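**Student:** Below you will find the structure I want to go over with you.
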Amino acid sequence: NRHHESVDELRDRVKGVSAKPFIETLPCIDALHCDIGNAAEFYKIFQLEIGEVFKNPKASKEERKRWQSTLDKHLRKKMNLKPIMRMNGNFARKLMSQETIEAVCELVHSEERRTALRELMELYLKMKPVWRSSCPSKECPELLCQYSYNSQRFAELLSTKFKYRYEGKITNYFHKT
């Protein structure tokens, strides 16, 4: 509710979509949650790519833990990113970078998969300033113009190259992105 409208004004504007008052949200907090949700998702994708789940979707729990351990050790060595129990904002910001994707790609065997991962991260990093901005048309107009194309390409990549994870479904935060 950026315009600080009353409940009645909001209800009138949205023509009765909801009978309950709207929850007021703060863009900076929403964007932080989006950062954290997306980073958690990328972290999972990194593990699955290390384990080549696109070839072998029936991996055991032990194998999956091994992939996570491999990723954690590599990120600690390459980027001084210490493993955490629960995703937080600082870890998310460090994880979502070009430097991280290059480090992760060292662990991915297939050149095709490395290319897909790089493109996915590149698109994400191009889109992020738009949804992080309070006024994208002033702060990043070029990226805003490209946003529709980038988001469609992002969704296309998820549904093709990463369909082992996103077949017909997508996480809430990726959807918002």
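**Student:** Residues that are closer than 22 Å to N80 by Cα, without any contact (Cβ under 8 Å) to a residue 60 or more places away in the chain, buried (at least 17 other Cβ atoms within 10 Å of the Cβ) and among the aliphatic types (A, V, I, L, M): does region 114-132 have at least one?
**Tutor:** There is no residue in region 114-132 that is closer than 22 Å to N80 by Cα, without any contact (Cβ under 8 Å) to a residue 60 or more places away in the chain, buried (at least 17 other Cβ atoms within 10 Å of the Cβ) and among the aliphatic types (A, V, I, L, M).
**Student:** Please identify the pairs in which a residue from region 162-173 that is within 16 Å of F42 (Cβ to Cβ) and at pLDDT 60 or above has its Cβ atom under 7 Å from the Cβ atom of a residue that is in a loop (DSSP other than H, G, I, E, B) and of a type outside the set (A, V, I, L, M), counting only partners at least 6 apart or on another chain.
**Tutor:** Here the result reads Y164/F54; Y164/P57, each pair linking region 162-173 to a residue that is in a loop (DSSP other than H, G, I, E, B) and of a type outside the set (A, V, I, L, M).
**Student:** Scan region 31-51 residue by residue and report those that are assigned to a helix (DSSP H, G or I) and either free of Cβ contacts under 8 Å to residues at least 24 places away in the same chain or not aliphatic (A, V, I, L, M) (or both). Give the steps one after another, and end with the answer.
**Tutor:** The initial filter retains those residues of region 31-51 that are assigned to a helix (DSSP H, G or I), namely 31-50.
H33, C34, D35, G37, N38, E41, F42, Y43, K44, F46, Q47, E49, listed by residue number.
**Student:** Separate question: Quick check on this structure: which one of L143, L81 is assigned to a helix (DSSP H, G or I) and without any contact (Cβ under 8 Å) to a residue 24 or more places away in the chain? Break it down into steps so the answer makes sense when it comes.
**Tutor:** Working: L81 fails: assigned to a helix (DSSP H, G or I).
Only one candidate qualifies: L143.
**Student:** In region 68-123, which residues are closer than 17 Å to E52 by Cα and polar (S, T, N, Q)?
**Tutor:** Across region 68-123, the qualifying residues are Q68, S69, T70, S110, T115.
**Student:** Which residues, counting only those in region 134-153, are out of contact with any Lys or Arg (no Cβ under 9 Å at 6 or more places or on another chain) and closer than 17 Å to M96 by Cα?
**Tutor:** Correct list: S151 only.
**Student:** Another question, if that's okay. I need the full set of residues from region 52-67 which are of a type outside the set (D, E) and outside any helix (DSSP H, G or I), in order please.
**Tutor:** So the first thing to find is which residues in region 52-67 are of a type outside the set (D, E), and the list is 53-61, 64-67.
Selection gives V53, F54, K55, N56, P57, K58, A59, S60.
**Student:** From T100, T70, grab the single residue that is surrounded by 15 or more Cβ atoms within 10 Å (Cβ to Cβ), under 16 Å from the mean Cα position of the chain (by Cα) and in a helix (DSSP H, G or I). If you could, list the steps in order and put the result at the bottom.
**Tutor:** On the way: T70 fails: under 16 Å from the mean Cα position of the chain (by Cα).
Going through T100, T70 in turn, just one is surrounded by 15 or more Cβ atoms within 10 Å (Cβ to Cβ), under 16 Å from the mean Cα position of the chain (by Cα) and in a helix (DSSP H, G or I): T100.
**Student:** Further, regarding this structure: If you scan region 45-58, which residues turn out to be buried (at least 17 other Cβ atoms within 10 Å of the Cβ) and not polar (S, T, N, Q)? I'd like the intermediate steps shown before the answer.
**Tutor:** So in region 45-58, the residues buried (at least 17 other Cβ atoms within 10 Å of the Cβ) come out as 45-51, 53-54.
Answer for region 45-58, where residues must be buried (at least 17 other Cβ atoms within 10 Å of the Cβ) and not polar (S, T, N, Q): I45, F46, L48, E49, I50, G51, V53, F54.
The values are calculated or read from the model by the stated rules, or taken from the named source; none is laboratory data. What you see is a predicted model; the values in this text were computed from it and never measured. Every residue, glycine as well, gets a Cβ built from its backbone with ideal geometry; the counts of neighbours run over all protein chains shown.
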